[in-house]
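Colleague: Here it is, the structure in full.
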Amino acid sequence: MEQRDRMRAADSDRAAVAERLRRALDEGRLDLNEYDDRLQRTYAAKTYGDLNGLLDDLPAPVAADRAQLATTGGPVPVAPPTPAVPPPPPGTVVRDWLRETWGAFFSTVGIVVGIWAITCVMAGEVNYFWPGWVAGPWGVVLLVVTVSGLANGEPQRRAARRAAREQAKAERRDRRRSERSGEQETA
């Protein structure tokens, strides 16, 4: 058992755990904070041991025809299940996070250096490089944020939160569609 815990988990393993967590959220077994925390831990997991414990307190999934649901008297229209949002490829998670973290910095520094260059051309001489006062301190802060974020797995946590939001949005959209189709059937 210990050897399996040290083995690397695959994306499909993480996706399966994420799907079970999503079902548990839909069933009301997890609140949104628990779901978000467990989903972040799921996508940050590197080994099977990291995935252990995320589903231990949840019952095994039950087929819909065997579930003991309260009946309302009539058939309830059921929307087809929303496919789980696949996790982004590992390399793109870090790249996207870095782009979000540093994007405004490079845009702003580019504009400021452009203004400095135009003033130098208009003056006919090289002026004091004042854009360094914008780029320097901001760059140091971003460098610290980047190093600590990469060390703490922030790109993966952000990707997990984004995936959870996208999944919730898709489920709300599907729920609205099924409600509309249910209203049309009763009309």
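Colleague: Does Val144 meet the test of being in a helix (DSSP H, G or I), hydrophobic (A, V, I, L, M, F, W, C) and modelled with pLDDT of 90 or more?
Modeller: yes
Colleague: Another question, if that's okay. Between a first residue in the range 109-129 that is free of Cβ contacts under 8 Å to residues at least 60 places away in the same chain and a second residue that is of a type in the set (Gly, Ala, Ser) and surrounded by 10 or more Cβ atoms within 10 Å (Cβ to Cβ), which pairs have beta carbons less than 6 Å apart while being 6 or more apart in sequence or on different chains?
Modeller: Final answer for the pair search is Val109/Ala135.
Colleague: Please go through the range 2-38 and give me each residue that is of a type in the set (Asp, Glu), open to solvent by less than 50 Å² (accessible area, probe 1.4 Å) and within 21 Å of the chain's Cα centre (by Cα), ordered by number.
Modeller: Step one: filter the range 2-38 for residues of a type in the set (Asp, Glu), giving 2, 5, 11, 13, 19, 26-27, 31, 34, 36-37.
Restricting the remaining residues to those that are open to solvent by less than 50 Å² (accessible area, probe 1.4 Å) gives 5, 13, 19, 36.
Once the filter is applied, which keeps residues that are of a type in the set (Asp, Glu), open to solvent by less than 50 Å² (accessible area, probe 1.4 Å) and within 21 Å of the chain's Cα centre (by Cα), the range 2-38 yields Asp13, Glu19, Asp36.
Colleague: Could you please give the count of residues in the range 109-133 that are within 33 Å of the chain's Cα centre (by Cα) and open to solvent by 50 Å² or more (accessible area, probe 1.4 Å)?
Modeller: The qualifying residues number 1.
Yes/no per residue for (1) surrounded by 11 or more Cβ atoms within 10 Å (Cβ to Cβ); (2) modelled with pLDDT of 95 or more; (3) closer than 25 Å to Arg20 by Cα:
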{"residue": "Ala60", "(1), (2), (3)": "no, no, yes"}
{"residue": "Ala70", "(1), (2), (3)": "no, no, yes"}
{"residue": "Pro77", "(1), (2), (3)": "yes, no, yes"}
{"residue": "Pro83", "(1), (2), (3)": "no, no, yes"}
{"residue": "Pro87", "(1), (2), (3)": "yes, no, yes"}
{"residue": "Arg95", "(1), (2), (3)": "yes, no, no"}
{"residue": "Glu154", "(1), (2), (3)": "yes, no, yes"}
{"residue": "Arg157", "(1), (2), (3)": "yes, no, yes"}
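Colleague: Against the condition in contact with a helix residue (DSSP H, G or I) (Cβ under 7 Å, 6 or more places away or on another chain), of a type outside the set (Val, Ile, Thr), in a helix (DSSP H, G or I) and over 30 Å from Gln40 (Cβ atoms), how does Ala135 come out, does it pass?
Modeller: Spelling it out, Ala135 is indeed in contact with a helix residue (DSSP H, G or I) (Cβ under 7 Å, 6 or more places away or on another chain), of a type outside the set (Val, Ile, Thr), in a helix (DSSP H, G or I) and over 30 Å from Gln40 (Cβ atoms).
The values are calculated or read from the model by the stated rules, or taken from the named source; none is laboratory data. Only a predicted model underlies this, so the values are computations on that prediction, with no experimental measurement involved. Positions of Cβ are backbone-derived with ideal geometry, glycine not excepted, and every protein chain shown enters the neighbour counts. For accessibility, only protein heavy atoms count, side chains too; no ligands or nucleic acids. Shrake-Rupley method; radii C 1.70, N 1.55, O 1.52, S 1.80 Å.
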